Structure formats: C-alpha cells, structure tokens
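Asks: Quick one: structure below, then a few questions.
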Amino acid sequence: MSPLHFSFYSAFTFSSLGLAFHRTHLISALLCLESMMLSMFIPLSIWPVENQTPSFALVPILMLAFSACETGTGLAMLVASARTHGSDHLHNLNLLQC
Amino acid sequence: MTYFVIFLGICFMLGVLAVASNPSPYYGVVGLVVASVMGCGWLVSLGVSFVSLALFLVYLGGMLVVFVYSVSLAADPYPEAWGDWRVVGYGLGFVLVVWMGVVLGGLVDFWKVGVVTVDGGGVSFARLDFSGVAVFYSCGVGLFLVAGWGLLLALFVVLELVRGLSRGAIRAV
C-alpha cells in the first residue's frame, strides 16, 4: 500500500473510531462524520486521475452536495436538542429507560 | 516534491486524528480545517484543481462556517484541548488500533510511491476534472435534477426539525 493510500485509509479509520468512541458533545460526533466525508472525498477525487477516466470526476461533487444535506440535518438536530435539553450533551438523549 | 506531498498526506492524517480524539468542539474544528487544507493541497499537487477549489468553497466556506457558528451551542466551562490527558489518551488509542491493523494485516510493504498526474494521458485540451464535472450538465442532467431536488428537500427537513413551538423533533415528553 502506498503511503498516500494509507493516509486517507487511516484517516477514515480514525474518524469512524472517533465517531464510535464519542465523549460528551453531539457536535464532536458530527465533526467526526464530517471528517469521514472529507476522507472519502479525497480518494474519490484521486480515482479519476489514477484511472484517467474524466467522467468519474462527477462523483466527488455529488458526494459534496449530499454531504451538505447531511450536515444541515445533523446541525438541525443539534439545535433541536439544545432547545429541548438545554445543551447538546449525549447523555441527555436517554428516552430508552432501561 | 514527492516528500512534500507525503508530508501533506501525513498532516492530513494528523488533522483527522486531532478531530477524532474528541477534544472540545472549538478545537475539533481547527483539526478539520487543517485536514481539509492539506487534502486540497494534495489534490492540487495532482493537478485536479477544480475539485480542490470546490472543496474549499463548499466545504470550508459553507459547511464549516455553519459548524463554527453552531459550536456556540456546545459551551464548555472548561474546554479540553489536546494537552488534556483524556484527549491524548483517545488519540494514542486510535493510533494503536490503526498500527495493530497495519502490523496484523501485513501492510509492511510501504514505500511504493507513484501516481499519475492529470496530464498523464489523453486529450490535454480540457482538464480532466473540468471536463468530468461538465458531464453533470450534459449527459448526467437527470442526476443534476435529482441532486437539486434532494437539496431542496433537505431545506424543508431542516425547517421541520427546528420548528419548535410544540411541533418540533426531540421532545422531552
């Protein structure tokens, strides 16, 4: 594996581990989702260069558009949580009472 | 030049590690900005400057600015930066996991460097990424309309989520 491939592969692994082992804030979990998206955007942009297929350059732009939707929805949930519970701490989201 | 691009790749990884070790969100955004700047520099070194600029404009200029505004909802009385032992512990734990994966997966054959740049072959009249994204408007126009419709729908989703006044999401009752 070339060092650059290892770099975005491990970046994706770090951010998914950071999402799994989140601590207090909902927004730091959302930031880890953003870094997962970034670490997928970079290899999707490198793919058309490596394989010299220009039409694949569309895919990272489309991914950016849908990731903007996801970011907006995540931040709206953050605002809703801050409105209801007063903060975005994850231990407040505890409707499951068992 | 090779070592500069490898340095950009390493800084990309370190920036994402700075986000993943879950410091206080004020500092996590810094890590994300550093990671996206390094990623854009890496893409420019390959020659695909259009997707790099699209990343800068949409991601840094659009999404991260909104994130930085929303971080104000996550106020900590004592924000933890990367000097705190908990954050450093998480970061070292993630590095250990990836290192174990590399060692056990047998990825030790590490120093093959080499990637084609954007002028490697084909017609050099229109750059690779420009002509690729132009397909979005000519052959992929259905996908363009679907993506635009999805973005409009996301606007209404956000409106419904933050409606408040006893009709919003995440109610405590």
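Asks: Which of the GluC sites (Glu not before Pro) found in chain A are loop residues per DSSP with 16 or fewer other Cβ atoms within 10 Å of their Cβ?
Replies: none
Asks: Of all the accessible heavy-atom surface of chain A, with the other protein chains kept in place and a 1.4 Å probe, what percent is carbon and sulfur?
Replies: Answer for chain A: carbon and sulfur cover 69 percent of the accessible area.
Asks: Counting only C-alpha contacts under 8 Å and six or more residues apart, can you give the relative contact order of chain A as a whole percent?
Replies: Worked out over chain A, it gives 29 percent.
Asks: Could you please state, rounded to a whole Å, how far the C-alpha centre of the stretch A:1-61 is from the C-alpha centre of the stretch B:23-66?
Replies: 12
Asks: In addition: Buried accessible area between B and A (1.4 Å probe, both chains summed, ligands and nucleic acids excluded), in Å² to the nearest 100?
Replies: 6200
Asks: Something else about it: Using a 1.4 Å probe, what is the accessible area per residue for the stretch B:1-117, in Å²?
Replies: Here the per-residue accessible area is 52 Å².
Asks: Given N residues in the stretch B:1-107, what is its alpha carbon radius of gyration divided by 2.2 N^0.38 Å?
Replies: Rg over 2.2 N^0.38 Å, computed on Cα atoms: 1.22.
Asks: What is the spread of the Cα atoms of the protein assembly as shown along each of their three principal axes, largest first, in whole Å?
Replies: 62, 45, 30
Asks: Moving on to the next point. Would you rank B:Leu64, B:Leu96 by solvent-accessible area, highest first, keeping every protein chain in place and using a 1.4 Å probe?
Replies: B:Leu96, B:Leu64
Asks: To continue, here is another question. Kindly report, to the nearest 10 Å², the accessible surface of A:Met37 as traced by a 1.4 Å probe over protein heavy atoms only.
Replies: Looks like 10 Å² after rounding.
Asks: Measure nothing fancy, just the Cα-based angle from helix A:26-51's long axis to the longest principal axis of chain A, in degrees from 0 to 90, nearest 10.
Replies: 10
Asks: At a cut-off of 50 Å², which residues of the stretch A:42-60 become less accessible once all protein chains are present than in their chain alone, using a 1.4 Å probe?
Replies: A:Ile42, A:Ile46, A:Val49, A:Gln52, A:Pro54, A:Leu58
Asks: Could you put B:Tyr27, B:Tyr137 in order of accessible surface area, largest first, with the 1.4 Å probe and the full protein assembly present?
Replies: Putting B:Tyr27, B:Tyr137 in descending order of accessible area: B:Tyr137, B:Tyr27.
Asks: Another question about this same structure. Suppose accessible area is computed on protein heavy atoms with a 1.4 Å probe; arrange B:Tyr78, B:Tyr59, B:Tyr69, B:Tyr26 from highest to lowest.
Replies: From most accessible down to least: B:Tyr78, B:Tyr69, B:Tyr26, B:Tyr59.
The values are calculated or read from the model by the stated rules, or taken from the named source; none is laboratory data. Since the model is a prediction, treat every value here as computed from it, not as a measurement. We place every Cβ from the backbone using ideal geometry, glycine too, and count neighbours over all the protein chains shown. Note: areas computed on protein heavy atoms with side chains; ligands, DNA, RNA excluded. Shrake-Rupley method; radii C 1.70, N 1.55, O 1.52, S 1.80 Å.
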